[in-house]
Structures are given as C-alpha cells and as structure tokens.
Amino acid sequence: MASWLICVILAICITADASIFDHKRYKRQTIVSTNAETNGVADDVESSAMSHHYKNADGVVGMNVSSAGNATGANSASIENNAEGRVGDTSMSATGNVDSKGKDSMSYSDIFAVVAGENKTIASFQQGRGSGLGDTSAQATGQATMETNGNPSPLSSDKTIATAGATGSQGSQSEVMSNQVLTWDSLLAKLVGSAVAEGIGNAQANVDLGAGNANNGVEMNGVVSGVQTNGGNVNSQVNGNANMDGDKHDLVGNMYGQVKGDGGNSSLVGATHLNSNTTTNSSISSFSDSNIASSGSNKIDMMSETDLDNKKGANGHVLTNGTSNSADHAMTVQNGLKVKDTNGETLAIGNGAIHGSGTENSNASIIVDTSYNQNGDPRIIAKGEGQAVSNDKNSTLNIGANADVSNSNGLNNTGYANASGIVHGEYNNLTGVAFLNVDNVGANGNAMMEARGGGAGNSSAQTNTALELGEGDQKRNASVNGAVSASGDKTSVHSISVVTDNNGEQTLSNYQRATSNSKGSSSASASNYGVLKRRKRSYLGVLYDKVF
C-alpha cells in the first residue's frame, strides 16, 4: 500500500514538473515574421527583395528585411515596394512608391528595416526624375512606422511625399528625392524637389514636399507660372528642401521666373509656403503677381528666396521687376511675405502700377523689393518710373506705389506715393517717379512728375504728386499740383511737381513756366498749389507734441 502511494505521488510530481517546464517554454516563445515585395513598370526594371530572421548564441532574436527597385524608360517609369517585419511585440512597416513621367524617366526606391534586440531602425530612400519636352513630373510617396506593444513611435512618419512637375515646350525637368531614417526615439528626414521649365508662350513649375505626422511635421509648397500671349519666352523654376532631425526643422523654398515678349500681354505669378509643425507652428509664405500689357517689348523678372528654422526663425526676400518699352504702358507689380516665427506674426506687402499713353515708344519700369530677417525686421522698397511721349496728341502718365508692413507686436507702417500728369502740344512728353521705403522703423518716400510741351499752336500741362505715410496712428500727407498753358503761333510749357518726405522732414518743389510767340495775340499762364500736412511727432514727449 505504501509503495503504491509513493508511486502516485512521484507521478504527480513528474506531471507537475513537466507542466511547469512546458509553461516556461511557452512563455519564452517569440514570433518573428518578415515580408518584402517590389514591383516596377518601365522599359528596364531591376528589382530585389530579401527577408531574414535569426537568433544568435546570446539568445538575441532579430530580423532584417529589404526591398529595392530601379526603373528607367522613355515617357514613364514606376516602382512600388514595401517591407515589413515583426519580432515579438515590435512591428514595423515601410512603403516607397516612385512614379516619373517624361521622355527620359527614372524611378528608384530602396527600403531596409532591422530589429536587433532593443535596436530598431527603418531606412527608406526614393528618387525620381523626368525630363524632356512638354509635361514632366516626378513623385515619391511613402511611410515608415513602428510599434511596440501596440503603441506607435511618436516619430513615425505617417506619410512622406515629394512631388515635382514642370511643363514647357522648349524643355522641362522634374526631380525629387526622399530620404528618412526612423528609430524609436529619432527621425532623420531629408526631402528635395526641383522643377524647371522653359516654353514659348507659357511655362509652369511646381514642387510639394511633406514629412512627419500631425504632431511633428514639415511642409514645403511652391509654384511659378508664366504666360506671354504674343509667343514670347517664359521660364519657371522652383527649388525646395525640407529637413527634420527629431523636432528640429529646417526648410528652404526658392522660386525664379521670367517672361519676355515683344508686344502682347505678359503675366508671371509665383508663391511658396514653408511650414513647421511641432508644439507650435512656424511658417513663411511669399508671393509675386505681375502683369504687363504693351504694344512693344516687355519683360518681368521674379526671384524669391525663403528659409525657415523652427528654433531660430525665418528669412525671406522677394524681388520683382517689370519693364516696358512701348507707346502705351499698363503695368502692375505686387509681392509680399507673411511670416509666423519666434518674433510673432508679420505681414509685408508692396505694389506698384503704371498707366501711360503716347504715340512714341518710351520706357517704364516697376521694382518691388520685400524682405524679412530672423530679427523680425520687415522692409519694402517700391519704385515706379516711366515716360510718355507723343506727337500731335496728348500724353498721359500715372505712377503709383504702395507699401504696408505690420506685425502682431503693434507695428503698422504704411506708404502711398503717386505721380500723375497730362500734357498737350505738337511735341510733348512726361517723366515721373513714385518711390517708397517702408520698414519697421518708419516710412519715407518721394514723388515727381515733369511735363514738357510745345511747338506750333497751343500747349498745356498739368502735374500732380502726393504722399501719404503712416507710422502707427501718426499720419503724414503732402501733395503738390501745378498747371500751365500757352496759346499762340508757337508755344512752350514746362511743369515740375515734386514732394519728398524723409523721416518726417517734408519738402516740395513746384515749378511752372509758359512762353508764347505770335504775330497777333498770345497768352501764357501758370499756377500751382501745395499742401504739407502733419509733421512727424517728436520723441521729446506728449507736451512737446501738443505745443508744437
């Protein structure tokens, strides 16, 4: 009886030990899986995929997986690849798709993911290029994510996109590159895009870049489009970079354009936007919009360069220049910057316009130069100058300039300058200038209009200039007007109106002269009028301002 009981107890103990052993062995099981795939479509395609998992002598379980593809061809080339893997409670996945279009097209993508114990890394690289005549494009998209115990890495890149497109009948090229390395606690990403186009009559270029997620991401967008209705040359170019190193972001967006023609209408528009999204948003946007209509030669040049560092601030510079050589002028040039960075929010917009008519070719130009630096200083220089020349017909000329800078810290400086005139005579001409310099310190400007007319028969002229400047709630106005006329067999008239405001020191000059020579009766008259309004406040204090 005793021996039987001992046997039963031993059997129970053995069974229990076996149960415990099996339970421990089950607990130490680790699931490992990998998958990689590559597909490509083009004239020539190379593709590869690799999956590998292991356990080394130290008991470390790991895996690595990769997929890569390279496609080249005429007109189009595309690659689609993905790689994913899992080691225990850690999983990761990455995709990379590249599509290029153009006579010469290339698409390349390479993804690699590895888990080695506690070390987890995803590396992804994509590149696309399309070039040729007409429409070209390149696009790279992808994502890189990893999870542990169902919790995603806070730096996972939900969607990375790099797109470039260019359209030009003379030639175009689009190129993008996307590179990112993700670990559990770091993300390094670099995106590059470039688009260049040249065409007859029109050309367009655009770039779009983006990486990261809703809590930590970067974005760059840019487009330049030009049109010349009389078959002139058009050039458009956009370049952009977007870099991430964890929550440190560095972005660049540049655009360039030119429209040149002989007669017809020319237009050039461009815009860029840089955005950094972390705990706070930082951004800088630039734009330029210009139009010229003339019967003679005309040209628009535009350049914009912006950069953004979410830790340091932004820089921006937009320069637009329009020129015309024609009997008639109809020109508008406008550009600006909008910034949100460590200095707050800033807006700077400047523009110029010229409208003139005559019978002979003459020159006209507008330049608007807008800038901003990391110290939070905006500045606008706007200048229009031109002529109008006629024989046996009136000449008219109107030149205007505007500039406004403001920010969330209370800055509000503005400027308006205008010069206009009309002249009559057998031979006559007008010459005018409107100029503004407005920044975070103050507003300055000047305006001038000169008229000359004469020859056989009667002559007359009228000139007008005006300035309106604002610094916060302080406004300064100045204007002058002059008129002159002569009648007789042979006459001449001359009128000049000038007004200047330099840091509140206002000056004016108004000169009119008329002469007449006739065998019978003749007459000549001249008149002028000027207003200087609101001297700039002194910095000596309220009492001084009230007294003076």
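The values are calculated or read from the model by the stated rules, or taken from the named source; none is laboratory data. Nothing here was measured: the structure is a model prediction, and the numbers come from that model. Using ideal geometry, Cβ is built from the backbone for each residue, glycine included, and neighbour counts are taken over all protein chains shown.
Exactly one residue out of Leu209, Leu187, Leu191 is more than 24 Å from the chain's Cα centre (by Cα) and of a type outside the set (Ser, Thr, Tyr), and it is Leu187. Residues in the range 340-386 that are closer than 19 Å to Tyr427 by Cα and surrounded by fewer than 20 Cβ atoms within 10 Å (Cβ to Cβ): Ser357, Thr359, Glu360, Asn361, Asn363. The single residue among Ser304, Ser283, Ser295 that is more than 30 Å from Asn216 (Cα to Cα), among the hydroxyl-bearing types (Ser, Thr, Tyr) and either modelled with pLDDT of 95 or more or surrounded by fewer than 22 Cβ atoms within 10 Å (Cβ to Cβ) (or both) turns out to be Ser295. The residue list Ala123, Ala138, Ala162 contains one member that is in contact (Cβ under 8 Å) with a residue 40 or more places away in the chain and surrounded by fewer than 22 Cβ atoms within 10 Å (Cβ to Cβ), which is Ala123. Checking each residue in the range 276-295 for being closer than 18 Å to Asn343 by Cβ, touching an Asp or Glu at 6+ places or on another chain (Cβ under 9 Å) and of a type in the set (Ser, Thr, Tyr) picks out Ser276, Thr278, Thr279, Ser282, Ser283, Ser286. Filtered by the rule that a residue be touching an Asp or Glu at 6+ places or on another chain (Cβ under 8 Å) and either at pLDDT below 95 or assigned to a strand (DSSP E or B) (or both), the range 223-234 gives Asn233, Val234. Listed here are the strands (runs of 3 or more DSSP E) enclosed by the range 459-548 that have at least 2 residues being modelled with pLDDT of 90 or more: 459-471, 474-487, 490-502, 505-517. Here Gln180, Gln204 are screened, and the one residue that is farther than 21 Å from Ala74 by Cα, within 21 Å of the chain's Cα centre (by Cα) and crowded, with 22+ Cβ neighbours inside 10 Å is Gln204. Quick one: would you say Lys311 is at pLDDT 95 or above, among the basic types (Lys, Arg) and under 21 Å from Asn221 (Cα atoms)? No; evaluated as a whole, the condition is false for this residue. Of note, Val433 satisfies the criterion of being touching a residue at least 40 places away in the same chain (Cβ under 8 Å), aliphatic (A, V, I, L, M) and either over 14 Å from Ala382 (Cα atoms) or assigned to a strand (DSSP E or B) (or both). Hey, Thr342 hits all of (1) free of Cβ contacts under 8 Å to residues at least 40 places away in the same chain; (2) over 14 Å from Leu397 (Cα atoms); (3) not small (Gly, Ala, Ser) but one; which does it fall short on? Unmet condition: (1).
Look at (1) among the hydroxyl-bearing types (Ser, Thr, Tyr); (2) crowded, with 23+ Cβ neighbours inside 10 Å; (3) closer than 22 Å to Asn351 by Cβ and you find that Ser479 fails only one, number (2).
The set of residues in the range 470-489 that are over 40 Å from the mean Cα position of the chain (by Cα) and farther than 25 Å from Leu397 by Cβ comprises Gly488, Asp489.
Of the numbered criteria (1) among the small types (Gly, Ala, Ser); (2) closer than 30 Å to Val196 by Cβ; (3) touching an Asp or Glu at 6+ places or on another chain (Cβ under 8 Å); (4) crowded, with 22+ Cβ neighbours inside 10 Å, the one Gly132 fails is (4).
Is it the case that the range 438-449 has a residue that's part of a strand (DSSP E or B) and either among the basic types (Lys, Arg) or more than 29 Å from Glu471 (Cβ to Cβ) (or both)? No; the residues of the range 438-449 include none that is part of a strand (DSSP E or B) and either among the basic types (Lys, Arg) or more than 29 Å from Glu471 (Cβ to Cβ) (or both).
Within the range 258-279, the set of residues being under 12 Å from the mean Cα position of the chain (by Cα), closer than 15 Å to Asp289 by Cα and surrounded by 24 or more Cβ atoms within 10 Å (Cβ to Cβ) comprises Gly270, Thr272. Just to be sure I understand, how many residues within the range 296-326 are over 30 Å from Asp247 (Cα atoms) and in contact with an Asp or Glu (Cβ under 6 Å, 6 or more places away or on another chain)? Adding up the residues that qualify gives 3.
A Cβ distance below 6 Å, combined with a sequence gap of six or more or placement on separate chains, defines the contacts here; from the range 57-69, residues that are in contact (Cβ under 8 Å) with a residue 12 or more places away in the chain and more than 27 Å from Asp99 (Cβ to Cβ) reach residues that are buried (at least 16 other Cβ atoms within 10 Å of the Cβ) and of a type in the set (Gly, Ala, Ser) in the pairs Met63/Gly85.
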